[in-house]
Amino acid sequence: MRSAALLALLLAASPAAAAAGAAPAAPAPAPAAPAAHRVERVSEHAYVVFGRGGNVGVFVGDTEAVLVDSQLEPGGPGLLEAVASATRLPLKLLVNTHHHPDHVGANALLAGRVQAIVAHANVRRRLEAEQAKLDPARRGGLPTLLVGEADPEKEGRLDVRLPGLELHVVHRRAAHTDGDLLVGMPSELVLHVGDVMFLGVLPFVDVQAGGGSFAGVLDTVTWLASWVPDGVRVIPGHGPVAGKQELLRYRDFLAALAAHAAAHPEASSRRLAETFDAAAWPEWKPSPTFVTWETLFDAVTGRGPGRVPR
């Protein structure tokens, strides 16, 4: 399937997307949630849960809901309480945007509460390998409905149609990892893009252990920015909910990183970090224990793991 077809799958084919870029009505305030988690209403039938790990999407239909990602394992009970503060409907599916523990940690807890766990084929493969190292009591929650193939450059899709809810689940190519999924809700112009997008902190691209590609992140974000409508609401893997303006800004940031590295091919990652105009991009801040400017340029150039060693 070509990228042009994927475009239609996520949002552009929806009637709302064709409405001259009209923004959806301002969402009502979100209901209260436990202190460890914060729930924000993104649209009439979509929520995001901030808490212990990556951002969780909650998409609500007439009779059932779909969860996107499950955060870290210890936060699972609190996550369930937070979801219940948004909707009391049963959960039909859990979608994993990729394999990192802060997005799949509570899978085992949720497995008995959903009909299936959806993920890219490479996520299943990686989680199986990780769980083989665990005590059997801690295993479980493996994806059961797979999207895509072992080759991460092959596109894949799954359309989810429930009463009152339609979601498009798409894999474009290797980006943050080799198993990223994007989840679109066409009717309300909402996209959950997982860790393909970071806001507030420098992005992590898992180029070594996770099979990611900085070029793939830039390509995917550039593709999204080329067609999403003005009223889109984007849930990043980490950071606040964004709109098209923030997505365009993120694209430009990634392009500036790539251009700087290309202009100085002999420079070390440290030198690239020292000479990059970081002040022009205050929205993204380094973390001494996660992603620094130097480790980010390791990812840009493919020289290192993309983050500070644990």
Output the residues belonging to segment 257-268 that are surrounded by 15 or more Cβ atoms within 10 Å (Cβ to Cβ) and within 26 Å of the chain's Cα centre (by Cα). 257, 258, 260, 261
Any residue in segment 229-242 that's in contact (Cβ under 8 Å) with a residue 60 or more places away in the chain and over 19 Å from residue 103 (Cβ atoms): show its pairings with residues that are open to solvent by 20 Å² or more (accessible area, probe 1.4 Å) and not small (Gly, Ala, Ser) at Cβ separation under 8 Å, as long as the two are six or more apart or on different chains. 229/244; 230/244; 231/24; 231/244; 232/244; 233/24; 233/188; 233/241
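Given 184, 194, 211, which one is under 23 Å from residue 289 (Cα atoms) and assigned to a strand (DSSP E or B)? Give the steps one after another, and end with the answer.
Details: 184 fails: under 23 Å from residue 289 (Cα atoms); 211 fails: assigned to a strand (DSSP E or B).
It is 194.
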Matching option when the condition is in contact (Cβ under 8 Å) with a residue 24 or more places away in the chain, touching a His at 6+ places or on another chain (Cβ under 7 Å) and charged (D, E, K, R), among 62, 69: 69
Quick check, is residue 178 closer than 20 Å to residue 296 by Cβ and either in a strand (DSSP E or B) or out of contact with any helix residue (DSSP H, G or I) (no Cβ under 7 Å at 6 or more places or on another chain) (or both)? no
Considering 172, 139, which residue is in contact with a helix residue (DSSP H, G or I) (Cβ under 6 Å, 6 or more places away or on another chain) and either of a type in the set (Val, Ile, Thr) or closer than 17 Å to residue 222 by Cα (or both)? 172
Pairing a residue in segment 261-280 that is within 17 Å of residue 214 (Cβ to Cβ) with any residue that is hydroxyl-bearing (Ser, Thr, Tyr) and open to solvent by less than 80 Å² (accessible area, probe 1.4 Å), where Cβ atoms lie under 7 Å and the two sit 6 or more apart in sequence or on different chains, gives 261/301; 269/301
Inside segment 126-151, can you point out the residues that are surrounded by fewer than 16 Cβ atoms within 10 Å (Cβ to Cβ) and among the charged types (D, E, K, R)? 128, 130, 133, 135, 138, 139, 149, 151
Exactly one of these conditions fails for residue 248: (1) hydrophobic (A, V, I, L, M, F, W, C); (2) surrounded by fewer than 20 Cβ atoms within 10 Å (Cβ to Cβ); (3) part of a loop (DSSP other than H, G, I, E, B). Give me its number. (3)
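Could you please find all residues in segment 103-119 being surrounded by fewer than 18 Cβ atoms within 10 Å (Cβ to Cβ) and not in a loop (DSSP other than H, G, I, E, B)?
109, 111, 116
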Top-ranked residue of segment 255-302 - restricted to ones that are part of a loop (DSSP other than H, G, I, E, B) and of a type in the set (Phe, Trp, Tyr), ranked as farthest from residue 226 (Cα to Cα): 290
With respect to the numbered conditions (1) within 20 Å of residue 167 (Cβ to Cβ); (2) within 17 Å of the chain's Cα centre (by Cα), which one is the sole condition not fulfilled by residue 52? (1)
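Could you say which residue among 17, 12, 33 is at pLDDT below 60, in contact with a helix residue (DSSP H, G or I) (Cβ under 8 Å, 6 or more places away or on another chain), crowded, with 16+ Cβ neighbours inside 10 Å and over 22 Å from residue 160 (Cβ atoms)?
Selected residue: 33, the only one of 17, 12, 33 that is at pLDDT below 60, in contact with a helix residue (DSSP H, G or I) (Cβ under 8 Å, 6 or more places away or on another chain), crowded, with 16+ Cβ neighbours inside 10 Å and over 22 Å from residue 160 (Cβ atoms).
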Under 7 Å by Cβ, and 6 or more places apart or on different chains, what pairs join a residue from segment 88-112 that is more than 17 Å from residue 144 (Cβ to Cβ) with one that is open to solvent by 20 Å² or more (accessible area, probe 1.4 Å) and of a type in the set (Val, Ile, Thr)? 89/63
What pairs come out if I take residues in segment 189-217 that are open to solvent by 10 Å² or more (accessible area, probe 1.4 Å) and pair them with residues that are among the basic types (Lys, Arg) whose C-beta lies under 7 Å away, six or more apart or interchain? 200/285; 201/285; 204/307
In the list 146, 94, which residue meets the criterion of being part of a strand (DSSP E or B) and within 16 Å of the chain's Cα centre (by Cα)? 94
When you scan segment 166-175, how many residues do you find that are open to solvent by less than 10 Å² (accessible area, probe 1.4 Å) and either closer than 28 Å to residue 64 by Cβ or aromatic (Phe, Trp, Tyr) (or both)? 4
Residue that is nearest to residue 167 (Cα to Cα) [pool: residues in segment 62-82 that are open to solvent by less than 10 Å² (accessible area, probe 1.4 Å) and not in a strand (DSSP E or B)]: 69
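The values are calculated or read from the model by the stated rules, or taken from the named source; none is laboratory data. Quick caveat: nothing in here was measured; it's all calculated off a predicted structure. Note that we place each Cβ from the backbone using ideal geometry, even for glycine, and neighbour counts take in every protein chain shown. These area figures cover heavy atoms from the full protein model, side chains too; ligands, DNA and RNA do not enter into them. Shrake-Rupley method; radii C 1.70, N 1.55, O 1.52, S 1.80 Å.
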